[in-house]
Amino acid sequence: MSVCARCDREFNAWALSLKGSPFGGHVICQKCRAVATRGSKRPAAKFTEYDIVQIRKRNAAGESQKSLAREYGVTDSNINLICRRRSWRHVA
Ligand SMILES: [Zn+2]
């Protein structure tokens, strides 16, 4: 077992594919890792799968990609990629 450097909870470091020794340096649990990597590194993570479905539906119903982009706080091209299924292709 190892102790997470962020939340101080014990977790099984062996379950993670950590580089180097899991006991050296700062080790963080899977939950904290997910929080830490959310955001700027993965822009698509701004959305949930539900959002993607809504965006495509509303665009198909005639809402402009520009107004959807403004509402979700992303760029027009981001919405465009979603509507053209160039991103989030795994979502129906
Ligand atoms: Zn943690």
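Quick note: the coordinates plus some simple rules give every number you see, no bench work behind them. Treat the numbers as computed from the prediction; the structure is a model and nothing was measured. Here the Cβ positions follow ideal geometry from the backbone for every residue, glycine too, while neighbour counts run over all protein chains shown.
The Cβ shell under 14 Å around Glu49 holds other residues with a net charge of +4, Lys and Arg each +1, Asp and Glu each -1.
Spin-label pair Cys7-Val53: with each label point 7 Å from Cα along the Cα-Cβ axis, the two points sit 2.7 nm from one another.
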